[in-house]
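Let me begin by presenting the structure, written as structure tokens, before commenting on it.
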Amino acid sequence: MNVVEYDRYGDASVLVLRQRPLPIVRPGHVVVRVRAAALNPKDVLTRAGKYPWLAGRSFPKRVGYDWAGEAVAVGAGVPGVREGDALYGMIQAWRGGACAEYALVRADELAPRPPGLDFSAAAALPLASLTALQALRDLGALAAGQRVLLNGASGGVGVHAIQIAKAFGAHVTTLTSAASAELARSLGADETLDYATWSPRDTPARYDVIFDIFGNRRFSDLRPLLTGRGTFISTVPKPAVILARVRTALTYPRARLVVVRSTTTDLTALTGLVLRGALRPVVDRTFPLAAIADAQRYLATKRARGKVIIAI
């Protein structure tokens, strides 16, 4: 099978397409024929060597966490999945491997592909939408009538966070570029702010949740914008975020770090939102597997509006 690998940390030029044996099914796992994969900033940052303590220093490494495809072999102890079933999910471990013709995935990290979505659209959902869901629902406890500020609302996580926040009944304010304001409004944003001219010092509004999707804001700067029991959530494990999380573990306003987990239960919850018409994938651009380096370079520009998909 064709699979994307790299033998050292570095820029996108380290990515190579290789022939490898097909994965062998194991108990509790499913071998899937990957039809589409989606890229995330995690792919770029991991390949660049930003998180060696998590990804490790053994090589070669593989690429991609989001996937959609068909079951071709089902291991023992996997009820409810049959060969030929259309599935989607996210590889939980840092090993990656979704950017390949076949992948071995855990049965508790997948779910049936949402009806009505093709493979590319389904692959666009898992990591980004699960991050938004778990941040807003589990860490932020976002509820109807509350106010949320989304910093970086045009990327993969942001376009889904807008929709999920609206599904919860929240008032959504986005902080993004002026060029992305129309996209944010089309997805349900109630108010759009231009990050080029916005300043927290000039903002009278108070928010129940501030979701720093880009990870470029400081809790100390945005804390005055939170309500008394508000929550600041970041996607990036910077030392300042971790320190703020420790310091506010038992107090409010508080800082939290979202660490996404792929579970069948939450993937099924996403499917429910899709079926309700409350969540639709946003795909910016599609690349073939052989153009993986170009796809990662494009994602690294941070100009993608929605998801970057790899067609396999």
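Arrange the following residues from fewest to most other Cβ atoms within 10 Å of their Cβ: Ile164, Ile292.
Fewest-to-most Cβ neighbours within 10 Å comes out as Ile292, Ile164.
Each residue of the stretch 165-173 in order: what ³J(HN,Hα) in whole Hz does its phi give by Karplus 6.51 cos²θ - 1.76 cosθ + 1.60, θ = phi - 60°, with x for Gly and Pro?
4, 5, 4, 7, x, 8, 8, 10, 10
Loop-only check: which trypsin sites (Lys or Arg not before Pro) in the stretch 266-301 are DSSP coil with at most 10 other Cβ within 10 angstrom? List each step's numbers first, then the result.
Details: sites: Arg276, Arg285, Arg297; in loops: Arg276.
In loop regions of the stretch 266-301 (DSSP not H, G, I, E or B), the sparsely surrounded trypsin sites (Lys or Arg not before Pro) are Arg276.
With springs only between Cα atoms under 10 Å, which of Thr174, Thr251, Thr192 fluctuates most in a Gaussian network model of the chain?
Comparing Thr174, Thr251, Thr192 in a Gaussian network model of the chain, the most mobile one is Thr251.
Could you go through the stretch 66-72 in sequence order and give the Karplus-derived ³J(HN,Hα) for each residue, using 6.51 cos²θ - 1.76 cosθ + 1.60 with θ = phi - 60°, rounded to whole Hz, and x for Gly and Pro?
Calculated HN-Hα couplings, in order: 8, 8, 9, x, 10, 5, 10 Hz.
Would you mind finding the longest exposed-site-free stretch of the chain, with exposed chymotrypsin sites (Phe, Trp or Tyr not before Pro) meaning DSSP loop and at most 14 other Cβ atoms within 10 Å?
Here the longest run is 199-312.
Does the stretch 162-279 classify as rounded, prolate or oblate by the C-alpha gyration tensor (a ≥ b ≥ c root eigenvalues; a/c under 1.5 gives rounded; else a/b over b/c gives prolate, otherwise oblate)?
Oblate shape, in that a/c is at least 1.5 and b/c is the bigger or equal ratio.
With only Lys, Arg, Asp and Glu charged, each at its Cβ (+1 for the first two, -1 for the last two), find how big the charge dipole of the stretch 128-257 is about the Cα centre; round to the nearest 20 debye.
The dipole of the stretch 128-257 has a size of about 540 debye.
Mind sorting out which of [x] 1.13; [y] 0.98; [z] 0.94 is the real Cα Rg over 2.2 N^0.38 Å computed from the coordinates?
[y]
Just report the Cα centroid separation between the stretch 88-162 and the stretch 206-277, whole Å.
One Cα centre to the other: 15 Å.
In the stretch 43-96, with Lys and Arg counted as +1 and Asp and Glu as -1 at Cβ, which of these residues, Gly89, Val63, Gly49, has the Cα nearest the positive end of the dipole, that is, farthest along it?
The residue sitting most towards the positive pole is Gly49.
Measuring from label point to label point, each 7 Å out along Cα→Cβ, what is the Ala290 to Ala311 span in nm?
1.4
Go through the stretch 19-29 residue by residue and turn each phi into a ³J(HN,Hα) via Karplus (6.51, -1.76, 1.60, θ = phi - 60°); whole Hz please, and just put x for glycine and proline.
Running phi through 6.51 cos²θ - 1.76 cosθ + 1.60 with θ = phi - 60° gives 9, 9, x, 5, x, 9, 5, 10, x, x, 10 Hz.
May I ask for the distance between the Cα centers of the stretch 37-75 and the stretch 1-17, given as a whole number of Å?
11
Comparing Ala291, Ala100, Ala37, which has the greatest mean-square fluctuation in the GNM of the chain with Cα pairs linked when under 10 Å apart?
Ranking Ala291, Ala100, Ala37 by mean-square fluctuation puts Ala291 first.
Go through Pro224, Thr174, Ala161 and say which Cα lies farthest out towards the positive end of the charge dipole of the stretch 128-257; charges sit on Cβ, +1 for Lys and Arg, -1 for Asp and Glu.
Pro224
Could you check what % of the DSSP bridge pairs in the chain are antiparallel, to the nearest 5?
55
Any chance you could run the full-extension gain for Thr227 through Ala141? It's 0.36 nm times the residue separation minus the Cα-Cα distance, nm to one decimal.
29.6 nm
Cα-based count: Lys pairs in the chain below 23 Å, eight or more positions apart or different chains?
Pairs that pass both the separation and distance tests number 12.
Along Cα→Cβ, 7 Å out, is where each label goes; now give me the distance between the ones at Trp198 and Glu182 in nm to one decimal.
Label-label distance for Trp198 and Glu182, simple model: 2.0 nm.
Given the DSSP H assignment, sum -39500 (n - 2.57) over each helix run of at least 4 residues in the chain and divide by its residue total; what's the result at 222 nm in deg cm²/dmol, nearest 500?
Numbers: 10 runs with 76 residues, N = 312.
Calculated at 222 nm, the ellipticity per residue is -6500 deg cm²/dmol.
Let me spell out the model: positive unit charges on the Cβ of Lys and Arg, negative unit charges on the Cβ of Asp and Glu, origin at the Cα centre of the chain. What dipole size does that give, in debye rounded to 20?
760
Can you tell me the relative contact order of the chain? Whole percent, Cα pairs under 8 Å, sequence separation 6 or more. Mind dumping the intermediate values first?
Numbers: 744 pairs, mean separation 61.8, N = 312.
Computed value for the chain: 20 percent relative contact order.
None of the figures in this text is laboratory data; all of them are computed from the coordinates on show. Remember, predicted model here, so these are calculated numbers, not experimental data. Note: ideal-geometry Cβ built from the backbone for every residue, glycine included; neighbour counts use all protein chains shown.
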